[in-house]
Amino acid sequence: MPIKDFQVGVPPSAADINRYFQQRAHVIKAADESITSSTTLQNDDHLFLTVSANTDYWVEAMIRYDGPTGGDLKIGWSVPTGATLEWTSNGLATAATSTADDLWRRRRTATTDEIVGAVGAGTDLLAMPEGLLRVGANAGTLRLRWAQGTSSATATRVFLRSLLMISRMVA
């Protein structure tokens, strides 16, 4: 059943309100985090959410980051066993030389990562990954994983107030 269209002058029922809000979850990053001299994906300390078995979700994130030119930001995900994720990074291409440059919008899966460009430490950027998560029989955790795209002694950082949101898709 789709989410109800609310009407002006017609108060929604408690069931309508509960259904609407039960379809969404989000988490906001509570502190900056940095990685230096490592291209190995690591779990983000804050950007993860619990997902239910046999459920589809639309996934959206807003990753605030900076990093050395050429160090870049590698993005990946961990999903529950048996889940699939089709996503795109919506982030700067690795050849970017400024904050206004080409974007990556390639199709990725739960087992493929993407490297988005950084244009220098201290230059704040956004990557806006999004995609469809299909959870099978195993509930679990959807978690952002990240690292440097190329190892650098200058830190790549993901900043506080980055966020991860999921919306349950109901037929």
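The values are calculated or read from the model by the stated rules, or taken from the named source; none is laboratory data. The structure displayed is predicted, hence computed values, not measured ones. Glycine also receives a Cβ, built like all others from the backbone with ideal geometry; neighbour counts cover every protein chain displayed.
Let me confirm something: among GLY82, GLY76, GLY71, GLY91, which residue is at positive phi and not acidic (Asp, Glu)?
On inspection, the qualifying residue turns out to be GLY82.
For the list (1) small (Gly, Ala, Ser); (2) within 16 Å of LEU163 (Cβ to Cβ); (3) not in a loop (DSSP other than H, G, I, E, B), I need the number of the one condition that SER34 fails.
So SER34 meets the others, but not (2).
Can you pull out every residue in region 122-166 that is over 24 Å from LEU92 (Cβ atoms) and either modelled with pLDDT under 95 or basic (Lys, Arg) (or both)?
If the condition is that a residue be over 24 Å from LEU92 (Cβ atoms) and either modelled with pLDDT under 95 or basic (Lys, Arg) (or both), then ARG134 is the only one that fits.
Any chance you could count how many residues in region 42-80 are outside any strand (DSSP E or B) and of a type in the set (A, V, I, L, M, F, W, C)?
2
So, in region 160-171, how many residues would count as being within 13 Å of the chain's Cα centre (by Cα) and surrounded by 14 or more Cβ atoms within 10 Å (Cβ to Cβ)?
6
Got a number for residues in region 122-149 being surrounded by fewer than 16 Cβ atoms within 10 Å (Cβ to Cβ) and either over 14 Å from the mean Cα position of the chain (by Cα) or of a type in the set (Phe, Trp, Tyr) (or both)?
Result for region 122-149: 7.
Out of the residues in region 37-49 that are surrounded by fewer than 16 Cβ atoms within 10 Å (Cβ to Cβ) and in contact with a strand residue (DSSP E or B) (Cβ under 9 Å, 6 or more places away or on another chain), state the one that is farthest from MET169 (Cα to Cα).
SER38
Among THR94, THR88, which is the only one that is hydroxyl-bearing (Ser, Thr, Tyr) and farther than 25 Å from ALA30 by Cα?
Of the residues listed, the single one that is hydroxyl-bearing (Ser, Thr, Tyr) and farther than 25 Å from ALA30 by Cα is THR94.
Quick grid of which residues meet (1) among the hydroxyl-bearing types (Ser, Thr, Tyr); (2) surrounded by 21 or more Cβ atoms within 10 Å (Cβ to Cβ); (3) more than 14 Å from THR123 (Cβ to Cβ):
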position: VAL51; (1), (2), (3): no, yes, yes
position: ASN54; (1), (2), (3): no, no, yes
position: TYR57; (1), (2), (3): yes, yes, yes
position: MET62; (1), (2), (3): no, no, yes
position: TYR65; (1), (2), (3): yes, yes, no
position: VAL79; (1), (2), (3): no, yes, yes
position: TRP87; (1), (2), (3): no, yes, yes
position: ALA96; (1), (2), (3): no, no, no
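Using the structure shown, decide if GLY120 is in contact with a strand residue (DSSP E or B) (Cβ under 8 Å, 6 or more places away or on another chain) and small (Gly, Ala, Ser).
yes
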